[in-house]
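Notes for the one structure printed next.
The values are calculated or read from the model by the stated rules, or taken from the named source; none is laboratory data. Everything numeric in this text was worked out from a predicted model, so none of it was measured. With ideal geometry, Cβ positions are generated from the backbone for all residues, glycine too; neighbour counts draw on all protein chains shown. Please note that ligands, DNA and RNA were not included when accessible areas were found on the heavy atoms of the full protein model with its side chains. Shrake-Rupley method; radii C 1.70, N 1.55, O 1.52, S 1.80 Å.
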2 protein chains.
Amino acid sequence: MPELAVSTVIFTLRPDETGAMQLWLPAVKRIRSPFDGMWALPGGPLSEEEDLIAAASRTLLETTGLKPRYLEQLYAFGSLERSPGGRVVSIVYWALVAQNEIADAYECENVSWFAADNLPNLAFDHNLIVEYALSRLRNKMEYSRIAHGFLGDTFTMAQLREVYEAVLGRALDPGNFRREMESSGDLVATGERLIGTKHRPPQLYKYDTSVDLTDQGALPTFSEHSANSIKREKTA
Amino acid sequence: MPELAVSTVIFTLRPDETGAMQLWLPAVKRIRSPFDGMWALPGGPLSEEEDLIAAASRTLLETTGLKPRYLEQLYAFGSLERSPGGRVVSIVYWALVAQNEIADAYECENVSWFAADNLPNLAFDHNLIVEYALSRLRNKMEYSRIAHGFLGDTFTMAQLREVYEAVLGRALDPGNFRREMESSGDLVATGERLIGTKHRPPQLYKYDTSVDLTDQGALPTFSEHSANSIKREKTA
DNA sequence: GAATCTAAAAGTCAGTTAGACTCTAACTCT
DNA sequence: AGAGTTAGAGTCTAACTGACTTTTAGATTC
């Protein structure tokens, strides 16, 4: 029988040297064959008495110390050539963490973070998997509220826009972005303002319903398609 | 280790008593424990030297005689409670067949077709899986050209609209539907007309590029998001 | 403490689109 | 020949999108 494993592509946003937000993800150094010494996605074999998502959550915690706020199944990869040693079918999850939640994550010689657009050669078909996770993230960004997963409980409109811009890879018009977000009904103004900026203090917002963003249970969320969409804008 | 299986939810459209198109799907009678005698989705164990999609395709053919034109991975189901006998992780695919392609499909006491909205109690969590496949089908209908999978090589605008109406479960305005389809650039008029109708003979169309709709390889198609969308219309 | 800088937040405008609807064309059936 | 039917073209309006302008409210500078 093929071996069954779970892996997770987990994204966070952090500023690069220029201060622009970029997608980063952790990889784990392999310590055995095949691909010994190469970087790979965090993961591990599925345990006997464990749901798929529980396995993803556990292996992610064990290998990187991370507990994502958003975790969703991505795809099952099972082509014959993907593992030289022996047949492995991997159920891959993808996840988001806020930058302020990875403080206690491991950062040692066996775990390292890479910019998503500047990855090394990863073990197995993991580069391909990251590509697919990225396309899913970008796509989902346009019709859901997963941006939440990158942010703290409260955030300014500019911070939210920064997330969208970083993930979609293009600038968005601040006024139009605000209009769309406000009309979506997903945001609630807290009444508080962020002080200490060198300009007019911005309103702090939070997401209205305290929907649990974690994809609990094996069952995917059904009605994921909302009218809210961020499309191309030409403002460069 | 958990057992690994593949199953497929395969849809077709056929007219009900009133002539309205409805979604139907085949189920296979189980001949062993657990759920002996109950209807279940076609599928079977993954073979040692076989890609996931190849396994889906093979088990579907073996159990029902069907060769779908469209086959895509749906989800990996792996919760602990889903199979009473022993742990089974199922990688589920979903598929479409045109009605005229199921002529040579088995129709015996062990394979039976059911209306998707009037299913019996299926084995395992298969009712849940069908629900999810339905939601995926409806969603994908709005931004892709999978309607193709239900139709022959050429079709009239009314036939195409009938597919959309049946899947989405609501009437669409013929004029607006035509406008949207024509502006999408996906259709090509063949120049031929369908004769023998009791009214003005309609133009026959086909899909422009001969894109292979079968999801070959383990890798899902990446850029699946097109601008073309069929949304709610109030015409009852 | 007034002028200046910055980004927040509100508002404007034109081009595009979606939905509801009307009208004519082209065939078959009686 | 006239009635029935759907094809297919076209019209109208409200809503939406993207680009842009103006005003507001703080911090910083002089």
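Remarks
Conditions tested, residue by residue: (1) free of Cβ contacts under 8 Å to residues at least 12 places away in the same chain; (2) within 10 Å of chain A (Cβ to nearest Cβ); (3) hydroxyl-bearing (Ser, Thr, Tyr).
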position: B:Ala56; (1), (2), (3): no, no, no
position: B:Thr64; (1), (2), (3): no, no, yes
position: B:Tyr70; (1), (2), (3): no, no, yes
position: B:Ala76; (1), (2), (3): no, yes, no
position: B:Val88; (1), (2), (3): no, no, no
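- Restricting segment B:201-212 to residues that are part of a strand (DSSP E or B) and farther than 15 Å from B:Ala147 by Cα, the residue that is nearest to DNA strand C (Cβ to nearest atom): B:Gln203
- Residue under evaluation B:Glu101, criteria (1) crowded, with 18+ Cβ neighbours inside 10 Å; (2) closer than 19 Å to B:Phe150 by Cα, criterion not met: (1)
- Of the strands (runs of 3 or more DSSP E) contained entirely in segment B:14-92, those carrying at least 3 residues that are open to solvent by less than 50 Å² (accessible area, probe 1.4 Å), at pLDDT 95 or above and not aromatic (Phe, Trp, Tyr) fall at B:21-29, B:70-77.
- Residues in segment A:179-191 that are open to solvent by 80 Å² or more (accessible area, probe 1.4 Å) and within 10 Å of DNA strand C (Cβ to nearest atom): A:Arg179, A:Glu182.
- Residues that are of a type in the set (S, T, N, Q) and in a loop (DSSP other than H, G, I, E, B) were ranked within segment B:104-118; the one that is most open to solvent (accessible area, probe 1.4 Å) is B:Asn118.
- Taking helices (runs of 4 or more DSSP H) as the structural unit, those lying wholly within segment A:119-200 and holding at least 1 residues that are away from DNA strand D (no atom under 16 Å from the Cβ), within 12 Å of chain B (Cβ to nearest Cβ) and under 14 Å from the mean Cα position of the chain (by Cα) correspond to A:126-141.
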